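Participant: Take this structure, written in structure tokens, and hold onto it; I'll ask about it next.
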Amino acid sequence: MGTQPGPDTVREDDGGNEFAGVDFRETQSSPEFKELRKTHRSFVFPMTVVFIVWYFVYVILAAFAPDFMAISVWGNVNVGIIFGLLQFVSTFVITAAYVRFANRKLDPQAQAIRERLENSVAGGHQ
């Protein structure tokens with residue numbers, strides 16, 4: 001039986017993959033990639049915590065403060081309905097905030113890493 005190539009093995013026949021010769025483990029440990037990961041996490045982790053706390057506040061209020069959630073605000077619309085709808089609104093707001101954050105912060109960093117990789121591949125093929 002022949003041996004299977006390992007994850008670090010680059011085959012001669014790259015099947016047209018433009019990044020076949022790139023050492024992605026090296027890229028992943030580069031300062032630029034670490035900064036990109038740090039920037040990404042600086043938004044995602046706090047926003048995740050905020051949303052989970054907001055969600056559990058809603059669930060806990062619904063379970064343990066039904067009288068509060070039943071307070072009528074306008075006709076048949078009560079606090080519980082408003083908080084429930086705000087769950088959807090907060091999801092869209094977080095999504096829009098992430099898209100804006102990614103466009104302004106993550107995409108330029110990722111593009112710089114991509115250009116560096118493309119230049120290193122182009123330089124290696126000359």
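Read-outs throughout are calculated quantities, based only on the coordinates presented, and are distinct from any laboratory measurement. As the structure is a prediction and not an experimental result, all values here were calculated from the model. Here the Cβ positions follow ideal geometry from the backbone for every residue, glycine too, while neighbour counts run over all protein chains shown.
Participant: Using 17 Å as the cut-off for backbone N distance, which residues of region 23-57 belong to the label zone defined by a point 7 Å from the Cα of Ser120 along Cα→Cβ?
Facilitator: 23-37
Participant: What residue among Pro66, Pro46, Gln111 has its Cα farthest toward the positive end of the dipole of region 27-124, where the charges are +1 on Lys, Arg and -1 on Asp, Glu, each on the Cβ?
Facilitator: Gln111
Participant: Expressed in nm², what is the orientationally averaged projection area of the convex hull enclosing the Cα positions of region 27-124?
Facilitator: Numbers: hull surface 33.3 nm².
The orientation-averaged projected area of the Cα hull of region 27-124 comes to 8.3 nm².
Participant: With θ set to phi - 60° and the Karplus curve 6.51 cos²θ - 1.76 cosθ + 1.60, what are the ³J(HN,Hα) couplings of region 38-52 in order, to the nearest whole Hz, using x for Gly and Pro?
Facilitator: Ordered by residue, 3J(HN,Hα) equals 5, 4, 4, 5, 5, 9, 5, 5, x, 5, 5, 4, 4, 5, 5 Hz.
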